[in-house]
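Structure, as structure tokens:
Derivation of every value follows stated rules applied to the coordinates shown; laboratory data play no part. Remember, predicted model here, so these are calculated numbers, not experimental data. Virtual Cβ from ideal backbone geometry, glycine too; neighbours counted across all protein chains shown.
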Amino acid sequence: MAGGWLDISDASGTRREALRDGLTRIGGVDGEIPLEASGSDQLHVWDRPPRAIFVGGGTAPTLNGRALDEEQLKPGDQLEWHGVKLVYGGEAAPDDHAALEEIPLAPPPAPAAAQPAVVARGLPPEEDKVWKRLQAGLLVELSMADRVTAKRWQDAVMRDDFDADQCAREILARSPGRGGDPKMIERSGRLLRDLLMAPLLSGSRGASRKARQAAKGGMAMILSQGIAFVVYSLIVLAILLLLRLRGVEFDALFDRMMMRG
């Protein structure tokens, strides 16, 4: 939504802050709009489609009086966080928000940037949680995730301080890649194939499969050794025949080897 803004009211008065193209971060250590009371938590405001996402583990902001996790925005929506009031405004009409809320289970084609958020909001909470975790993991694997965020959560895993849902929210919020990217589609297909074949590689069937592969490998090794022995034997025989043709006698040599005479 080009031209969006936030009217911010706090103890110092009211001011208007223009939103950046794409993502505008509020609070935290690197937010474009500072808010000291937020600590390391951040409120992310996206413009396409207009939506707000809370990224953190502290006190969540409210949107029109309700606790905010991730919600679509429309002009006039009021956010409150740590005593600061933020009123959203922009060029989008209120009807745009209603259309997003009423998309059926089989939605019509939508712009690539808006489609993932719409699909995710149509899922039950448990399925939405799984979807976000998988999508975030694929973004990291394909090097499409924000590197700083990914590195911070890798360090958290090493410290045994990993929160899967929080990690997924932050990676999705701070990474430009989305599920409609061709790389994501291709990798998700390979992941499905790997998961489909996983039962065949575990348990008794997996052990049997490995045993067959090992047996094939053993037979191949024996066959290769046999072929090498035959080749070397033929080479030695050819050398002996050439020496015999040149008049070399082997009887005395063989007699000494057999300790005769």
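A Cβ-based charge dipole, computed about the Cα centre of the range 31-80 with Lys and Arg at +1 and Asp and Glu at -1, lands at about 180 debye.
With each label modelled as a point 7 angstrom along the Cα→C-beta vector, the residue 222-residue 160 pair spans 4.9 nm. For the range 9-48, the square roots a ≥ b ≥ c of the C-alpha gyration tensor eigenvalues yield an a/c of 1.5 or more together with a/b not exceeding b/c, which makes the shape oblate.
Residue-wise HN-Hα couplings along the range 26-35, as the Karplus relation 6.51 cos²θ - 1.76 cosθ + 1.60 with θ = phi - 60° gives them from phi, are 10, x, x, 7, 10, x, 5, 10, x, 8 Hz; Gly and Pro carry x.
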